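Let me begin by presenting the structure, written as structure tokens, before commenting on it.
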């Protein structure tokens, strides 16, 4: 099976290395976010393995390294928790998707206190399905996928607020051999600290 993510990772890394020297004076940002993961498509209402998930809490931590006035490299960690009773889990059961993101962020405007941006990249995720019945109970193989985000960086000299919305899609192979297709939208609020 062809996996485009390694090629995407190489492309993003090359773009980061090729960043302008002027960007070296731009601060590294630490982003801390929280939100709600909302399943969409068949992940919300399908009847396949793990489908029929419900909204749940999400949080993330990431680093944004500006490479120029418009481009930045993003590396992040996030965890999404989805309710899964409708997907066949025990009462109060959850799916826990934990993964890493590597992406490029592009600022749509520069030189303002509020800077809208878009971000596109790849994600690698494992899903814990401990509340599903056998044979799919357990921890999935590492799943690969993509993510797109839109947000606004509202900054001051020592702190910023980066509200954003992400759309994520990742396929993870469960312990029983079936594939869970995670598709979800996550509105986030958070804070960013420049270094």
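The values are calculated or read from the model by the stated rules, or taken from the named source; none is laboratory data. Just so it is clear, the model here is predicted, and its values are computed rather than measured. Here the Cβ positions follow ideal geometry from the backbone for every residue, glycine too, while neighbour counts run over all protein chains shown.
Brief remarks follow.
- Checklist (1) farther than 22 Å from residue 54 by Cβ; (2) assigned to a strand (DSSP E or B) applied to residue 157, failing item: (2)
- Annotation: of all residues in region 8-37 being assigned to a helix (DSSP H, G or I), closer than 14 Å to residue 65 by Cβ and touching a strand residue (DSSP E or B) at 6+ places or on another chain (Cβ under 7 Å), the one that is modelled with the highest pLDDT is 12.
- Residue check, residue 156 in contact with a helix residue (DSSP H, G or I) (Cβ under 8 Å, 6 or more places away or on another chain) and either crowded, with 17+ Cβ neighbours inside 10 Å or on the phi < 0 side of the Ramachandran plot (or both): no
- Qualifying residues in region 124-145 (those that are free of Cβ contacts under 8 Å to residues at least 60 places away in the same chain and either under 12 Å from the mean Cα position of the chain (by Cα) or in a strand (DSSP E or B) (or both)) - the one nearest to residue 189 (Cα to Cα): 125
- For region 53-73, residues that are crowded, with 20+ Cβ neighbours inside 10 Å and touching a helix residue (DSSP H, G or I) at 6+ places or on another chain (Cβ under 9 Å) total 5.
- Test: residue 175 is in a loop (DSSP other than H, G, I, E, B) and over 17 Å from residue 52 (Cβ atoms): yes
- Any hit, region 160-168, residues being out of contact with any helix residue (DSSP H, G or I) (no Cβ under 8 Å at 6 or more places or on another chain), assigned to a strand (DSSP E or B), free of Cβ contacts under 8 Å to residues at least 40 places away in the same chain and farther than 30 Å from residue 46 by Cβ: yes
- Odd one out for residue 150 among (1) outside any strand (DSSP E or B); (2) at pLDDT 95 or above: (1)
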